[in-house]
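To start, the structure itself, in structure tokens.
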Amino acid sequence: MKKIILVLLIFLNYTHISAFEQMSAKSKVDFPPPFIAHYKVYSKGLPIGEGSRSLSYRTDGTFVLEGQVNTTGMLALFRDDKVTEFSSFMLKQDRVLPLEYRYQHSGSKKQKQVHITFDWQRKSASSKIEPTWQLPLEEGMLDDQVYQVVLMQELAYGKRDVRYKVIDDGKIKEYVPVLLGKVFIETPLGKLETLQYQRTSADKKRQTTLWCAPDFHYLPVQIEHNEKGTPVTMVLQSVQWW
């Protein structure tokens, strides 16, 4: 059994190193290393759930970003919600090119599934779930999750004014996170210096605020989503880097 575990650990470590070695020298400095982060979710100061996000490298040089949020505690007795996200992507000349995006919201009255593939040879993005659609694809377009990794990458090499073209709900949307300033916040990991960014949806109905910490490769250590006047906040509890 010990030998089997050792082989698995060596394989996982090789996966991270092999993909890392295929990256350019600039990417190795600016691009986030593999990680797994754990969050707690709060609403009106009360814990209502927990979440995680992880970035891993494959031996073929591609990357996987996965996220999950689910309700816990008393809320789970009334709403057993679970949201999962999956993004695979590659780097081309240090730019992120998404390959596949999957989203699933289950357990509540509002069920939702998304499955998008990105064909860079044919320059098209298409939905694999009804209603199906197809959009022309241009370099720089991202999915609804992976843009936060690009934000980490760009902040690491000093960029502060950012904007992204994101494919969401069969449309090409422009996300413009606005820098609100440098903010120190208290977290379970101590007092952290962060850059605070806020993004408002085109219809002004939703706001997402990110606190990105330089000491954590600009990982969002706190995320707040405000919709219909009800803010929900994710706070980082722990993070492991490889």
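Bear in mind these aren't lab numbers, they're just calculated from the coordinates by the rules spelled out. Please read these numbers as outputs of a predicted model, since none were measured by experiment. Here the Cβ is made from the backbone with ideal geometry for all residues, glycine too, and neighbour counts use every protein chain on show.
Which FRET efficiency, nearest 0.05, do residue 42 and residue 157 yield, Cβ-Cβ r, R0 30 Å?
Working: r = 32 Å, r/R0 = 1.07.
Rounded to the nearest 0.05, the efficiency is 0.40.
Hey, what do the phi angles of region 220-227 turn into as Karplus ³J(HN,Hα) couplings, whole Hz, using 6.51/-1.76/1.60 and θ = phi - 60°, x for Gly and Pro?
Whole-Hz 3J(HN,Hα) from phi for region 220-227: x, 8, 8, 9, 10, 10, 10, 9.
Quick check on my link table: of 110/171; 82/173; 123/205, which ones sit more than 23 Å apart, alpha carbon to alpha carbon?
82/173; 123/205
Based on the mean of other beta carbon atoms within 10 Å per residue, what is the order of 190-199, 144-153, most packed first?
144-153, 190-199
If the reach is capped at under 19 angstrom between alpha carbons, list the aspartates and glutamates near residue 112, excluding any in the same chain fewer than eight residues apart.
66, 80, 81, 85, 100, 130, 143, 144, 168, 169, 227
For residue 191, give me every one of the lysines with a C-alpha distance below 28 angstrom, ignoring sequence neighbours fewer than eight places off in its own chain.
Counting by Cα, and skipping residues close in sequence, residue 191 has these lysines nearby: 28, 40, 44, 159, 182.
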